[in-house]
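Here is the structure we will look at.
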């Protein structure tokens, strides 16, 4: 996966569909050795709950879904 080889360690997810697609389209080896180890920034507790169900542990919930809130959460 290009993201893995380029050192991506944080992912921003703004919808449940995006989260599920990201998880399902990532091959199992990369899912276990990279994807689920990434820090995940989500825009709601609902998404955080879904992410936990899929196996993520490092999850941060932004204050809001707007760009400013996402940027603040990334700092």
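Bear in mind these aren't lab numbers, they're just calculated from the coordinates by the rules spelled out. Worth saying up front: this structure is predicted, and the values here are computed from it rather than measured.
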In degrees rounded to 10, the 0-90 angle between helix 16-25 Cα long axis and the longest Cα principal axis of the chain is 10
Taking only the alpha-carbon positions of the chain as identical scatterers, the Debye log10 I(q)/I(0) at q = 0.22, 0.25, 0.27 Å⁻¹ comes out as -0.98, -1.21, -1.34
Computed over the chain: longest principal axis from alpha-carbon atoms vs helix 45-54 long axis, angle to nearest 10 degrees, is 10
